[in-house]
Amino acid sequence: MNQGSLASFHEYITTDKCRTILALCGAGLSASSGLPTFRGSGGLWKNYSSMDLATPDAFNVDPGLVWQFYSYRRYKAIQAKPNNGHYALSQLSKVAASKGKKFLTLTQNVDGLSRRAHHDPEQLLELHGSLFTLKCTSFDCTYTENNNFKHPLTPQLQGCEEEWINPRKRQRRTENENENENENEDGKDAVISTTGSPEFTPVKEIPRSGLPTCPQCKTGLLRPGVVWFGESLPFKVLDQADQFIMSQKVDLILVIGTSQSVWPAAGYVNRVKLQGGKVAIFNTDEEDLEGCDGWKFLGDAAELLPQALKPLIGDITEVVENDKE
Ligand code: APR
């Protein structure tokens, strides 16, 4: 971390000029907890891009396929542990008021790790919902269940937990296949081709009766309570975010582990800038820091955030140790 930049950041966050702080988080915040990001070095589930499966159309056409994908994601998120980046923001949510600051985290992540790091729920908005919320798809039924961590949700959804592959690994293995055509006959290192995936068991066909069904209306399928591509964000959440931004000037936005490619999340940075607020970006990819006229912190958010926020949150080592699950 650039020490000059860190010193001026520390100075700003401890002055009276910085009274309101907004954190905008993306998948990079959870990367060092072992959860894959969506773009850049993202991955595929079986042969599908996550962005193709995260749509209402995909669910309508093949709910069994989409539920297997979400079953995989729920499982991975349950296995993952919050990292020091989640804890740093959580600690800020707890101490902000005592330091004369207002603070809000707006997360695009659906993995529930900020909650599990005990982030103050009053200062946390999950823009894209949660993997652990279940909603009935029936038009007439309003059933919603929060914090459902059961895995698998039905016996038929067992067995798709480890089927993610990074495209770079796929590429390397395909090159390897061309060089050492006879080396894999024992099947120990079955090769993944770019056209098919013999390593994967085929996607199971799960009938409707094998998928999670609404306990209230007894007929509707349940779906994950996440916002899919093409769907509107929850009005209440957007409204709360707007209230935070419009009821006072936001003096600082922390842009953490996000490619800022999805609206309206991406728009919050401009809104803060237009108000005269400052920007600090935390990202491992230099390209995603380009164009930022604020503080640029290149590296893992899990390492950078505790250092950057230290003057406000103190040393979080003990907090993290005491919370080992
Ligand atoms: N620390 C900080 N940044 C990181 C780290 C890390 N350890 N690892 C990756 N990053 C950065 C990447 O460089 C990239 O800029 O995190 C960003 C992740 O970007 P995306 O994968 O696009 O994720 P995100 O911005 O959260 O995507 C927004 O798009 O697909 C939808 O609904 C999905 O919520 C998601 C939304």
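The values are calculated or read from the model by the stated rules, or taken from the named source; none is laboratory data. What you are looking at is a predicted structure, and each value in this text was computed from that prediction instead of being measured. Cβ coordinates were reconstructed from backbone atoms using ideal geometry, including for glycine residues, and neighbour counts include every protein chain displayed. The accessibility values were calculated without ligands, DNA or RNA, using every heavy atom of the protein model including side chains. Shrake-Rupley method; radii C 1.70, N 1.55, O 1.52, S 1.80 Å.
I'm trying to understand the selection: among the residues of segment 256-280, which are open to solvent by less than 30 Å² (accessible area, probe 1.4 Å) and within 9 Å of the ligand (Cβ to nearest atom)? Break it down into steps so the answer makes sense when it comes.
Here is the first cut: in segment 256-280, the residues open to solvent by less than 30 Å² (accessible area, probe 1.4 Å) are 256-258, 265-269, 272, 277, 279-280.
Selection gives Ile256, Gly257, Thr258, Ala265, Ala266.
For every residue, the table says whether it meets (1) under 22 Å from Glu318 (Cα atoms); (2) of a type in the set (D, E, K, R); (3) out of contact with any strand residue (DSSP E or B) (no Cβ under 8 Å at 6 or more places or on another chain).
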residue	(1), (2), (3)
Asp62	no, yes, yes
Ser71	no, no, yes
Tyr75	no, no, yes
Ile78	no, no, yes
Pro82	yes, no, yes
Val95	yes, no, yes
Lys99	yes, yes, yes
Taking helices (runs of 4 or more DSSP H) that fall entirely within segment 210-325, which contain at least 3 residues that are of a type outside the set (Asp, Glu) and at positive phi? none
Select from segment 68-119 the residues that are free of Cβ contacts under 8 Å to residues at least 40 places away in the same chain and surrounded by fewer than 18 Cβ atoms within 10 Å (Cβ to Cβ) and list them in ascending order. Lys94, Ala97, Ser98
Out of segment 250-274, which residues are farther than 14 Å from Phe103 by Cβ and out of contact with any helix residue (DSSP H, G or I) (no Cβ under 8 Å at 6 or more places or on another chain)? Ser261, Val262, Trp263, Ala265, Ala266, Gly267, Val269, Asn270, Lys273, Leu274
For the subset of segment 16-38 comprising residues that are open to solvent by 50 Å² or more (accessible area, probe 1.4 Å) and near the ligand (Cβ under 7 Å from one of its atoms), which member is farthest from the chain's Cα centre (by Cα)? Ser32
Residue count, segment 297-313, condition more than 13 Å from the ligand (Cβ to nearest atom) and open to solvent by less than 20 Å² (accessible area, probe 1.4 Å), comes to 3
